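Report on the structure given below.
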Amino acid sequence: MTLTLHDIKVWNTGEVIDLIVPSDTDETVDASVMTIAPGFEDPHVHFRDPGQTYKESMVSGCAAAASGGYTNVLIMPNTVPAMDGVKVTAGEPGASEVLDAGFDTVIDYLQHYEQAHDVTLPVRYDLCVCASKGRAGKEATDVADWVGYLPEHDDDNKDAYQLCHPVTAISDDGSAVTPEILDQVFDNVKESGLYLIEHCEHHDTGAVNEGPVSRELGVPGIPEDTELRIVERDIEMARKTGVHVHFQHVSTAISFDAIRKAKAEGLPITCETAPHYIALCDEALLKYGTLAKMNPPLRSEEDRKATIAAVADGTVDLLATDHAPHTMEEKDLGFLDAPNGIIGLECAYGVCHKILVDGGFISDERLIELMSTAPAELMGHIKADITALLDEYADAVPGDDDTKRVLDLGKVPAEDRADLVVLNIDDDTKRVLDLGRVPESDQVDLVVLNTGEEWTVDPEKFHSSARNTPFGGWQVTGRPLATIIGSKLVFSRINKED
């Protein structure tokens, strides 16, 4: 049973292969308008499991990710209880989900989620540990509480689930690391060898961006320098300690200027922005209400343009969704009480393609880098070039006019495993990549894209449990058509209405 994609393009090479993927049906598709690329990766998602599964669960969140073309995500630590490595206590919110499954920490529970719930999730995922105990900002977490969950620590005693879903970063996402524990958190990051993901925003009052829109709405505003203060503070800490700081969802021109200068200095600084800061400004609050309420808040139109410019000039290292599910009832509470955030996994590529590629700011190839290889590098998922495998394991067979080569990855030994990034194809050859012959030990994670497809965002068709997005009804371009994990088709809308 196979899905055969004829004449599918390989991203950034201009070459063409035939891709054969295991599937539930025998099907042959003219894929001449499609592109195969390394799977998208997102280092910034909230799946609300445990503790708030009425908003999202690991099952629905991973389904949403696969639908959006993602093959790997990093789960933020604002679970309930928080993902701080501390043993949960019976009776506290969310504790029963962890304890009833037979685990005593949230990290252990999420690492063994598939085993505990007897499910196979269609997306790979890593975990991010809290910077502070309980994410309360008062006391830094103890390295001893979570160092054992790192992949390189005491590997001999880890099972396959722990190795598949390691702790790879530190954050108090949703809040910036507080000044009281800043030095200790940086010490923890340095000791553990992880990197710090910083929510570069802190404010005690305000609900939306300070400016004409907040005044028109009569809602307290948040000054743009609330973001800059955290950015400048942590740049100075990176300068002093050498610790890698990754800034989340940067949204203002003044912050991008500071980050540019830090990068020019050679400091270990990276940053991301999100689709909503590229596509929307605070005027969207007048149209979409609390569906456009988030943290950091949507900024001015000038800041939106500055964000696009930062993507175009390379200041922005990658794009992340900050997928944040909430119920519509919660979003109906008004600007002061509604929670911040929107869902984004299932329309991120289309929105970014519409604004950035159709707008002429970046190329299709660059957008794939921003959503795939760049976040993979941040998370330590370095994808290898498959050219050497082609040269060693592809067989030459007769073709119509030229030579066709069949790559049988089933012949590749485990030590030569690699993810598909680039196929270097000579003018006189064509390759057939048969993923059905790839052994379990030699896996590839891919996304199949139609970079030109025009489609309408319909939240009611999302696989996420949530519907809180301002992008419903938007006409966008570029769509993930299939997601392949471990050489197996885990999601497809090829020849389907979805």
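Worth pointing out:
Residue-by-condition table, conditions (1) open to solvent by 20 Å² or more (accessible area, probe 1.4 Å); (2) closer than 17 Å to VAL213 by Cβ; (3) among the aromatic types (Phe, Trp, Tyr); (4) in contact with a helix residue (DSSP H, G or I) (Cβ under 7 Å, 6 or more places away or on another chain):
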position: LEU291; (1), (2), (3), (4): yes, yes, no, yes
position: ASN295; (1), (2), (3), (4): yes, yes, no, no
position: LEU298; (1), (2), (3), (4): no, yes, no, yes
position: ARG304; (1), (2), (3), (4): yes, yes, no, yes
position: ALA309; (1), (2), (3), (4): yes, no, no, no
position: VAL316; (1), (2), (3), (4): no, no, no, yes
position: LEU336; (1), (2), (3), (4): yes, yes, no, no
position: ILE342; (1), (2), (3), (4): no, no, no, yes
position: LEU345; (1), (2), (3), (4): no, no, no, yes
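- Helices (runs of 4 or more DSSP H) completely within region 100-201 that count 1 or more residues being of a type in the set (S, T, N, Q): 106-111, 113-117, 160-164, 182-192
- Qualifying residue in region 34-43 (condition: out of contact with any Cys (no Cβ under 7 Å at 6 or more places or on another chain) and open to solvent by 10 Å² or more (accessible area, probe 1.4 Å)): yes
- Of all residues making up region 76-97, the number that are open to solvent by less than 10 Å² (accessible area, probe 1.4 Å), in contact with an Asp or Glu (Cβ under 7 Å, 6 or more places away or on another chain) and of a type in the set (A, V, I, L, M): 1
- Residues being under 27 Å from the mean Cα position of the chain (by Cα) and more than 25 Å from MET371 (Cα to Cα) - total across region 69-92: 7
- Among the candidates GLY218, GLY211, residue that is at pLDDT 95 or above, open to solvent by 10 Å² or more (accessible area, probe 1.4 Å) and on the phi > 0 side of the Ramachandran plot: GLY218
- Restricting region 160-184 to residues that are surrounded by fewer than 24 Cβ atoms within 10 Å (Cβ to Cβ) and among the hydrophobic types (A, V, I, L, M, F, W, C), the residue that is modelled with the lowest pLDDT: ALA160
- Check on ASP7, at positive phi and in a strand (DSSP E or B): yes
- Annotation: ASP145 fulfils all but one of (1) surrounded by 15 or more Cβ atoms within 10 Å (Cβ to Cβ); (2) touching a helix residue (DSSP H, G or I) at 6+ places or on another chain (Cβ under 8 Å); (3) over 20 Å from HIS246 (Cα atoms); (4) in contact (Cβ under 8 Å) with a residue 40 or more places away in the chain; the unmet one is (2).
The values are calculated or read from the model by the stated rules, or taken from the named source; none is laboratory data. These figures come from a predicted structure and were not determined experimentally. Glycine also receives a Cβ, built like all others from the backbone with ideal geometry; neighbour counts cover every protein chain displayed. Surface accessibility is based on the protein's heavy atoms, side chains included, excluding ligands, DNA and RNA. Shrake-Rupley method; radii C 1.70, N 1.55, O 1.52, S 1.80 Å.
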